[in-house]
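Shown next, in structure tokens, is the structure this report addresses.
The values are calculated or read from the model by the stated rules, or taken from the named source; none is laboratory data. Please read all numbers here as calculations on a predicted model, not as lab measurements. No Cβ is skipped: glycine too gets one built from the backbone with ideal geometry, and neighbour counts run over all protein chains shown.
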Amino acid sequence: MVFRFFSCMGVFVVSDYEYGYLLLASAYTPVHAGSGRGYGFVDLPVQRDSLGYPEVWGSSVKGALKGFLLRSVGVEAKGFFGSEPEESPTVPGLAVVTGLSLLAVPVPSVRRGIVYVTTPYLASRVAGYVDVVKRLRGFEGVESLAFPLEAFEKALVEVVEAGSSLGEGEAAASKGVAVDGAVYVSGSRVRVSRELEFPGGLDDALRSLNVLYSYKKVFGNLVVLPDGVGRSVVNGALQVVYRNRLSDATKTVERGALWSEEYLPYGSLLVGAVMVKDFEKLRGLLEAGRYEAQLRLYESAWGKLRSILGAMNGYLVVGGKETVGKGVLRVAIARG
């Protein structure tokens with residue numbers, strides 16, 4: 001069992017998650033996980049982290065997974081994720097699902113068709129998830145995507161190191177991407193000061209996530225930009241769609257019914273983590289508190305844990321705009 005100690009107001013708390021998986025996600029359609037009404041030029045922006053990078057918050061991922069699992073494996077999904085907000089007493093779930101951090105986004109390139117852009121900050125966030133999963137073990141008997149975790153971590157570290165040493169107007173790129181010493185990203189020429197050669201097997205593992213990754217390999221076409229300019233390029237790659245609502249009678253736009261929405265583009269690659277507690281450790285707390293109903297639910301969820309985790313490999317609808325063909329993610333849980 002892995003124990004991690006966190007200091008909170010001088011009290012040390014032990015976190016006892018024992019099982020862990022990477023959560024790999026690829027946008028199969030443009031995805032709008034919204035943050036509410038915006039104050040910039042886009043009325044409905046996507047969710048972002050504190051530095052302004054697009055991401056999908058953990059609450060959105062958990063909500064989508066919970067709804068999907070309730071339909072596929074039944075009420076045990078509630079034991080997996082914990083009590084509902086309105087339920088009393090409130091009890092924790094067996095699992096933690098993190099948000100999905102963006103690793104790479106496809107952008108147009110004059111000489112390459114498309115390339116995938118990332119930054120040292122994005123790579124370092126994903127490397128943190130890999131570190132957590134490596135320290136935990138997989139639940140026995142769960143079929144998951146075989147993923148070369150060691151090679152993935154090594155590639156992410158190389159991205160962070162290379163990107164952190166870049167000067168203004170420079171980029172690092174996969175070997176063979178540069179043409180005449182430069183790469184053309186979103187209409188701009190950027191000098192490639194460092195070529196990167198990544199471990200084998202990464203693109204083969206990602207191929208099952210998206211057909212695009214077969215046509216254009218992620219780590220074979222990766223461009224690393226410094227965080228300053230990289231954040232601008234990543235945000236510039238988002239798709240902005242203008243929508244309206246027409247009057248049934250006049251077929252003209254109704255008053256106030258014209259707005260813009262922001263989407264992560266098709267082919268975006270995101271990574272998160274799933275961590276699961278050992279139910280036998282949770283059992284004692286429930287028995288001591290005489291939470292008989294929750295205990296039965298958790299026992300049932302624990303018995304179906306293989307099915308629950310296995311069901312997480314598939315297609316998930318995240319965020320809004322489902323009725324206009326948006327929000328589909330191909331999701332896979334992965335172990336080394």
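Here are some notes:
- Residues that are more than 10 Å from Y19 (Cβ to Cβ) and touching a helix residue (DSSP H, G or I) at 6+ places or on another chain (Cβ under 7 Å) within the range 132-144 comprise K134, G141, E143, listed in sequence order.
- None of K78, K66 is touching a residue at least 40 places away in the same chain (Cβ under 8 Å) and basic (K, R) except K78.
- Top-ranked residue in the range 35-72 [being among the β-branched types (V, I, T) and in a strand (DSSP E or B); ranked as farthest from V328 (Cα to Cα)]: V46
- Selection status of G228, in a loop (DSSP other than H, G, I, E, B) and not aliphatic (A, V, I, L, M): no
- V31 vs. criteria touching a Gly at 6+ places or on another chain (Cβ under 6 Å), surrounded by 22 or more Cβ atoms within 10 Å (Cβ to Cβ), at pLDDT 90 or above and of a type in the set (A, V, I, L, M): yes
- Number of the condition not met by A162 [criteria: (1) more than 19 Å from V331 (Cβ to Cβ); (2) in contact with a Lys or Arg (Cβ under 6 Å, 6 or more places away or on another chain); (3) not in a helix (DSSP H, G or I)]: (3)
- Which numbered condition V183 fails, given (1) within 24 Å of the chain's Cα centre (by Cα); (2) in contact (Cβ under 8 Å) with a residue 60 or more places away in the chain: (1)
- Scan of the range 184-201 for residues that are surrounded by fewer than 19 Cβ atoms within 10 Å (Cβ to Cβ) and either of a type in the set (D, E) or under 21 Å from A171 (Cβ atoms) (or both), ordered by number: Y184, S186, G187, S188, R189, R191, S193, R194, E195, E197, P199
- In the range 191-208, the residues that are among the hydrophobic types (A, V, I, L, M, F, W, C), touching a helix residue (DSSP H, G or I) at 6+ places or on another chain (Cβ under 7 Å) and part of a strand (DSSP E or B): L196
- Residue among R335, R306 that alone is modelled with pLDDT of 85 or more, surrounded by 20 or more Cβ atoms within 10 Å (Cβ to Cβ) and of a type outside the set (G, A, S): R335
- Filter pass, V240 being modelled with pLDDT of 90 or more and of a type in the set (A, V, I, L, M): no
- Residue satisfying all of: in the range 135-159; assigned to a strand (DSSP E or B) and within 19 Å of the chain's Cα centre (by Cα); surrounded by the most Cβ atoms within 10 Å (Cβ to Cβ) among these: L145
- The residue of the range 209-225 that is nearest to E170 (Cα to Cα), among those that are of a type in the set (S, T, N, Q) and part of a loop (DSSP other than H, G, I, E, B), is N221.
- Residue among V233, V179 that is within 30 Å of K321 (Cα to Cα) and of a type in the set (A, V, I, L, M, F, W, C): V233
- All strands (runs of 3 or more DSSP E) inside the range 73-120 with 1 or more residues being loosely packed, with under 15 Cβ neighbours inside 10 Å, of a type outside the set (S, T, Y) and modelled with pLDDT of 80 or more: 100-109, 113-118
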